[in-house]
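**Q** Got a structure here, written out as structure tokens. Questions coming.
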Amino acid sequence: MSHRTKPLTSRSGPGAVPGVKIRPATEGDASSAADLIVRTKRLNNEFDPMFAVVEGARARAERYVVASLDADDRLLLVASEGPKVVGVLRAEMRERMFYEPSPEGFITDFYILPEHRRRALGHDMLERATRDLKKMGARVIVAEVPTQNEIGYKFYTKRGFRSLVQHFGKQP
Amino acid sequence: MPKSRTKDDPSVKALAYSRFYGGKVGISPKVPVRSLQDFSIWYTPGVAAVSRAIAADPDLSFEYTGRWNTIAVISDGTRVLGLGDIGPEGALPVMEGKALIYNYLGGVNAYPLPIRAKDEDHLISVVRALEPSLGGVNLEDIESPICFEVLDTLTREMEIPVWHDDQQGTAGVVLAGLFNALELTGRRLRGTKIVLFGAGAANVAAARLLVKAGADPKDLVVLDSKGILQPERDDIDSLSLRNKWKYDLALSTNGERRSGGLKEALRDADVLVAAAGVGPNLVKKEEVREMSKDSIVFLLANPVPEMLPEDALAAGAAVVATGRSDYPNQVNNSLLFPAIFRGALDVRARRITDTMVISAAKELASFAKRKGISRRRILPSMVDWQVYPSVAATVGEAAVREGEARKKSSKDELLKTATEVIEHSRKTMDTLRKSGVIIEPPD
């Protein structure tokens, strides 16, 4: 198939999406945020069978989300429309042991529900995450996407990111 | 419903007759050969003058050759009837049958042309390469969702009309039938709640046409084998990558955000269009009972509809249509495609737009109304041969209006031309039969 889906957002400029609020996640968001995290993992599996999602991923995701809520070195943002969580972004602070600048804000998970895409919400969430991670000390922002995920690749490169590391994998 | 295989069974006859005739269509001359000297006109050296003229102005190929009235019926054999991927050779008898219908009902010269394509890009490239010989292309029996990309790409890239009958043909006839069924049950398209069961070629195109004809996308609910399409379905990201047509429907339809299966979809729905697969138990009586009063139920699977029509009526449906000729209200693509191409070729259209298909559907519905409609007769019958020139003229007129026609004609002129060309085809058949050139089949 030659069809390529459009990037998560089609707008490059910043600006708030009407009716949608980007904010730090609270305990009440944990269940919805975990659902969205599992969706990112399933989406990864669409790109590569090495990302087959484990049984019980939902429960793991909830623990993962809860552990991110009050940790100083982790960031968990949600986009909400009224009571409904429509997007999630999780990041954590890491140290680059041999490189400088060393403090790295590493985006591990990022997902927006399909009907809220193409409205620049992804752009806005990334901007907010970048700002918050800088406040947490990050001097480099890094995001992880599967190699085959061209949508993710375009999303980040369009916003000034470049590919830094290629992970190679095989099942022995 | 299945019949025993007697010698009158169409399957038995088809096998015997196919061997007897060795094919359903052939190429026969249009010009007289008075003596062998005539070949110096029809062929070399005289033909070189015609070639030089066309080389200088390729558009003249529509006037100096049969291109103006020639299409190819092209398939890769990946989804033939209900038989699945049986390959291009297996598709050949079907494409021959289609070519025969094109010729007899639409006066169109159609070449049956199944091709061996290794993938979608190869299929697109072969069809594109055929353009100089053709006035149009009928795509047929190509698997979904590849068929959508193939049609979209070829429509965009070719300067002759490309038609995929499993999408536009079925959707167009559904729309025509629906116009009259809505009128008979006192409804208007806007505000009618329509459930499309099955999200393959026919229903994806039907959804698009319905919206362009005036239905509110929020009033449509589409189901595939996994249930109702909606934006938060678990497989939505997979759809976004693998089937953008279904993905777009998931985002744009179903304003009430229903989820679940057919029962949930049909609650208070006015119309069911099932193109979901061979029945008869895919739709149940209790599910139709969930629909609003005087519901409309189209069951398109062949040979066995998604539910027995009598069961749909017993469950409260006011109008029931199927793909079968032995029940009332046959939703038959053959009512449309010969006329669509007759009209498109007569104005040398570049494309067949959705607006042209909707115009054709409206004319098909109007023709039926002029003859008299009832709950058991919402569409014309194929024996009403005047429907073809009538729809063809409407299609040609719509192409002119849409700016897709390279040859402008009035509707009266188009009707006259279409009538003459179609009558010529019918007369040719009569003459060939009467003269014994086409002999009757064996007993």
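The values are calculated or read from the model by the stated rules, or taken from the named source; none is laboratory data. Note that the coordinates shown come from a computational prediction; the quantities given were computed from them, not determined experimentally. Note that we place each Cβ from the backbone using ideal geometry, even for glycine, and neighbour counts take in every protein chain shown.
**Q** Please determine, by comparing only the residues of the range A:103-133 that are over 21 Å from A:Asp35 (Cα atoms) and either free of Cβ contacts under 8 Å to residues at least 24 places away in the same chain or in contact with a helix residue (DSSP H, G or I) (Cβ under 7 Å, 6 or more places away or on another chain) (or both), which one is farthest from the other protein chains (Cβ to nearest Cβ).
**A** Step by step, filter the range A:103-133, then rank; the result is A:Arg131.
**Q** I would also like to ask the following. In the range B:133-169, how many are buried (at least 20 other Cβ atoms within 10 Å of the Cβ), of a type in the set (Val, Ile, Thr) and either in contact with a strand residue (DSSP E or B) (Cβ under 6 Å, 6 or more places away or on another chain) or more than 14 Å from every other protein chain (Cβ to nearest Cβ) (or both)?
**A** 3
**Q** Of everything in the range B:118-132 that's buried (at least 20 other Cβ atoms within 10 Å of the Cβ) and within 14 Å of another protein chain (Cβ to nearest Cβ), which residue is nearest to B:Ala274 (Cα to Cα)? Quick ask: steps written out before the conclusion?
**A** Narrowing the range B:118-132 to residues buried (at least 20 other Cβ atoms within 10 Å of the Cβ): B:120, B:123-124, B:127.
Restricting the remaining residues to those that are within 14 Å of another protein chain (Cβ to nearest Cβ) gives B:120, B:123-124.
Values: B:Glu120: 27, B:Leu123: 29, B:Ile124: 29 Å.
The qualifying residue nearest to B:Ala274 (Cα to Cα) is B:Glu120.
**Q** Give the residues of the range A:153-172 that are free of Cβ contacts under 8 Å to residues at least 12 places away in the same chain and surrounded by 13 or more Cβ atoms within 10 Å (Cβ to Cβ), sorted by residue number.
**A** A:Tyr153, the sole residue that qualifies.
**Q** Within the group A:Leu89, A:Leu77, which residue is at pLDDT 95 or above, closer than 23 Å to B:Leu239 by Cα and more than 14 Å from chain B (Cβ to nearest Cβ)?
**A** Working: A:Leu77 fails: closer than 23 Å to B:Leu239 by Cα.
None of the other options fit; the residue is A:Leu89.
**Q** Take B:Pro303 and decide whether it is over 15 Å from B:Val195 (Cα atoms), within 27 Å of the chain's Cα centre (by Cα) and in a loop (DSSP other than H, G, I, E, B). So that I can check it myself, show each step before the final result.
**A** Numbers: over 15 Å from B:Val195 (Cα atoms): yes; within 27 Å of the chain's Cα centre (by Cα): yes; in a loop (DSSP other than H, G, I, E, B): yes.
In short, yes.
**Q** Can I ask one more? For the range B:40-71, which positions are surrounded by 13 or more Cβ atoms within 10 Å (Cβ to Cβ) and among the hydrophobic types (A, V, I, L, M, F, W, C)?
**A** Across the range B:40-71, the qualifying residues are B:Ile41, B:Trp42, B:Val47, B:Val50, B:Ala53, B:Ile54, B:Leu60, B:Phe62, B:Trp68, B:Ile71.
**Q** Which of the numbered conditions does B:Asn243 fail, given that it passes all the others? Conditions: (1) closer than 14 Å to A:Leu113 by Cα; (2) within 26 Å of the chain's Cα centre (by Cα).
**A** Among (1) closer than 14 Å to A:Leu113 by Cα; (2) within 26 Å of the chain's Cα centre (by Cα), B:Asn243 violates only (1).
**Q** Hey, can you tell me all the residues within the range A:57-73 that are surrounded by fewer than 18 Cβ atoms within 10 Å (Cβ to Cβ) and under 24 Å from A:Val20 (Cα atoms)?
**A** Just the residues of the range A:57-73 that are surrounded by fewer than 18 Cβ atoms within 10 Å (Cβ to Cβ), to begin with: A:57-60, A:62-63, A:66-67, A:69-73.
Those that are surrounded by fewer than 18 Cβ atoms within 10 Å (Cβ to Cβ) and under 24 Å from A:Val20 (Cα atoms): A:Glu62, A:Val66, A:Leu69, A:Asp70.
**Q** With respect to B:Arg324, is the statement that it is modelled with pLDDT under 95, assigned to a loop (DSSP other than H, G, I, E, B) and either of a type in the set (Lys, Arg) or surrounded by 21 or more Cβ atoms within 10 Å (Cβ to Cβ) (or both) true?
**A** Values: modelled with pLDDT under 95: yes; assigned to a loop (DSSP other than H, G, I, E, B): yes; either of a type in the set (Lys, Arg) or surrounded by 21 or more Cβ atoms within 10 Å (Cβ to Cβ) (or both): yes.
The answer is yes for B:Arg324.
**Q** Answer with yes or no whether B:Asp234 is under 23 Å from B:Val320 (Cα atoms) and of a type in the set (Asp, Glu).
**A** On the way: under 23 Å from B:Val320 (Cα atoms): no; of a type in the set (Asp, Glu): yes.
Answer is no for this residue.
**Q** Please go through (1) under 30 Å from B:Leu364 (Cα atoms); (2) surrounded by fewer than 18 Cβ atoms within 10 Å (Cβ to Cβ) for B:Val204 and return the number of the only condition it doesn't satisfy.
**A** (2)
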